[in-house]
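Worksheet for the structure shown next.
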């Protein structure tokens, strides 16, 4: 998140997003693009959707459900990528995001 985005969120003059669908989501869109390189091999994953704030609750609930049912890959403090099977986790959010794994580029 950029410093400008944080300032916008903190500013009292910034209006709240307007609901654009029957679920109350805004028409704001978001992309997440991750690229990992090892030597000459590159892997890429992308996720996108509408209203990142509306995606936050399902994401947290999915993570909590996996922790409480013992579906983690590690114990203790860990990043989400270490704790969960990332593609499985993202596919579980399919009602809320679009997710694609791109073939390796070697």
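The values are calculated or read from the model by the stated rules, or taken from the named source; none is laboratory data. Computed from a predicted model, the values in this text were never measured in an experiment. Note that we place each Cβ from the backbone using ideal geometry, even for glycine, and neighbour counts take in every protein chain shown.
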Practice problem: Scan the stretch 14-42 for residues that are at pLDDT 90 or above and over 17 Å from the mean Cα position of the chain (by Cα) and jot them down. | Solution: 37, 38, 39, 40, 41, 42
Quiz prompt | All positions within the stretch 3-32 that are closer than 24 Å to residue 85 by Cβ and surrounded by 11 or more Cβ atoms within 10 Å (Cβ to Cβ) | solution = 30, 32
Quiz item: Here are 83, 45: which of them is within 12 Å of the chain's Cα centre (by Cα) and either at pLDDT 90 or above or farther than 24 Å from residue 16 by Cα (or both)?
Solution: 45
Exercise. Kindly list the number of the only condition in (1) under 27 Å from residue 5 (Cβ atoms); (2) at pLDDT below 90; (3) assigned to a loop (DSSP other than H, G, I, E, B) that fails for residue 95.
Key: (2)
Quiz item: Is it the case that the stretch 56-71 has a residue that's assigned to a loop (DSSP other than H, G, I, E, B) and touching a residue at least 24 places away in the same chain (Cβ under 8 Å)?
Solution: no
Self-check item: Tabulated pairs, the stretch 89-106, first in contact (Cβ under 8 Å) with a residue 24 or more places away in the chain, second part of a helix (DSSP H, G or I) and surrounded by fewer than 12 Cβ atoms within 10 Å (Cβ to Cβ), C-beta under 7 angstrom, 6+ apart or interchain
Solution: 101/87
